[in-house]
Amino acid sequence: MNQNIKVVKTTSENPDFISLIETFDTFLWERYPELKKDYWGNNLIEFNPNVIVVYLDKKPVGCGCFKKYNKNTAELKRMFVSPEARGLGLAQLIILELEKEARNNGFEIFILETLYKQVEAISLYQKVGFKIVDNYEPYVGLANSVCMSKTIN
C-alpha cells in the first residue's frame, strides 16, 4: 500500500469528522429512506472526545467514535469509510484504534448497532470479533437492527 495513511484522535467538533458523518447520513437515508423516522434520533452526536478520523493522502476518508453506554460498556458509533477508500483495511484500523482508546478509558465491552441490510458491515464486525446479540436499548423491538458485542479487556 503506497498511500499515506494517518490516524488522528480528535473530537466530534473536528470539521473533517462532521463532513464525513454528513456524507454517511446522506448515504444511509438514500439507501434506507423508510427507516429515517425510526433511527434519526439515534444518530445525533453530542460533544464526543473519543473520535478517530483517518486520512488517506491527506484526505479524510474514514471515521468512528464511541460513547459510554454504561459503567463498563462503550458503544461504537458513526463508523464510516468513504467508498473510494474501501477495501484498504481502514475500517479495521479505526475499530482497533477505538478499542484501544476504550480500554484505556476503563471499558471492557464494545457494543454496536447496524442495520440488517448492512451485510458488509456485519461481516467486517464479525471478522474483528463481534458477535450478534439481542438488541439493546434503544433498539429493542426494531426488527431492522442488528446489535453486536465484543469483549475488549
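Of everything in the stretch 106-136 that's of a type in the set (D, E, K, R) and within 21 Å of residue 50 (Cα to Cα), which residue is farthest from the chain's Cα centre (by Cα)?
Within the stretch 106-136, the subset of a type in the set (D, E, K, R) is 108, 113, 117, 120, 127, 131, 134.
Of the ones still in play, those that are also within 21 Å of residue 50 (Cα to Cα) are 108, 113.
Numbers: 108: 17, 113: 9 Å.
Applying the filter and picking the extreme gives 108.
Just to verify a result, which residue in the stretch 74-105, among those that are among the charged types (D, E, K, R) and under 13 Å from residue 20 (Cβ atoms), is farthest from the chain's Cα centre (by Cα)?
Restricting attention to the stretch 74-105, the residues satisfying the condition of being among the charged types (D, E, K, R) are 75, 77-78, 84, 86, 97, 99-101, 103.
With under 13 Å from residue 20 (Cβ atoms) added as a condition, the list becomes 77-78, 84.
Numbers: 77: 4, 78: 4, 84: 18 Å.
Residue satisfying both the conditions and the ranking: 84.
Would you be able to tell me the number of residues in the stretch 84-119 that are touching a helix residue (DSSP H, G or I) at 6+ places or on another chain (Cβ under 8 Å) and of a type in the set (Asp, Glu)?
Result for the stretch 84-119: 1.
How many residues are surrounded by 17 or more Cβ atoms within 10 Å (Cβ to Cβ) and among the hydrophobic types (A, V, I, L, M, F, W, C) if we restrict to the stretch 127-141?
1
Out of all the residues in the stretch 113-126, is one or more crowded, with 19+ Cβ neighbours inside 10 Å, polar (S, T, N, Q) and under 22 Å from residue 8 (Cα atoms)?
Looking for residues that are crowded, with 19+ Cβ neighbours inside 10 Å, polar (S, T, N, Q) and under 22 Å from residue 8 (Cα atoms), one finds none in the stretch 113-126, hence no.
Applying the selection to the stretch 52-77, what residues are under 14 Å from residue 5 (Cβ atoms) and surrounded by fewer than 19 Cβ atoms within 10 Å (Cβ to Cβ)? So that I can check it myself, show each step before the final result.
Taking the stretch 52-77 as the starting set, the residues that turn out to be under 14 Å from residue 5 (Cβ atoms) are 52-63.
Hits for the stretch 52-77 are 55, 57, 58, 59.
What about residue 30, is it modelled with pLDDT of 75 or more and either among the charged types (D, E, K, R) or outside any strand (DSSP E or B) (or both)?
On the way: modelled with pLDDT of 75 or more: yes; either among the charged types (D, E, K, R) or outside any strand (DSSP E or B) (or both): yes.
So residue 30 passes the test.
The values are calculated or read from the model by the stated rules, or taken from the named source; none is laboratory data. Worth saying up front: this structure is predicted, and the values here are computed from it rather than measured. FYI the Cβ positions are ideal-geometry reconstructions off the backbone, even for glycines, and counts take in every protein chain you see.
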